[in-house]
Amino acid sequence: MRVTVMGAGGYIGSRLVPVLLADGHEVTATFTDPARARRFPWAGAVRVAGLDVADRAAARDAAAGADALVYLVHGLAGPDFTTADREGAYNAAHAAVRARVGRIVYLGGLVPDVPEGTCHRTCARGSRSSRSSATAGCRRGHCAPRWSSGPGRRRSRSCAS
């Protein structure tokens, strides 16, 4: 199977890619800066593609020829990260539908630190919108972690919606 992993350089993506390769899949690994792929030992075994999910044409190029797309891109920067997150997910979904990708796996985004029990309504709305737009028109799976942590990272909570 040909699999595009959007967000291959992140904590989860960088661990998923070698598993996909070991299972015999052809992988396209996307990076905001393709030169960063060199830091991974599997870089020579994948097609590396530059991707800013805000760029629909780049999303289409990354999805072209894929049988499956794994969407792991989530940024928490900026004053309106929910809008950026939703638009990026929409662009990936649009690219997948246009490329006739048969399956999308979408990992729900995390919510930045907020006081316990106070997930703001816009966080929940952004999470639901991203989930629905990122899976439109394809067989899909949605993963919504309660929390995620990686080496040297602070623990974050997902937005329950």
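In debye, nearest 20: dipole of the stretch 11-70 around its Cα centre with unit charges on the Cβ of K, R (+) and D, E (-)?
My answer is approximately 200 debye.
Using a 7 Å offset from the Cα along the Cα-to-Cβ direction at both ARG56 and ARG38, what is the distance between the two label points in nm, to one decimal?
About 3.4 nm separates the two model spin labels.
Just so you know, all these numbers are worked out from the coordinates, no wet-lab data involved. All figures in this text were calculated on a predicted structure; none of them were measured in a lab. FYI the Cβ positions are ideal-geometry reconstructions off the backbone, even for glycines, and counts take in every protein chain you see.
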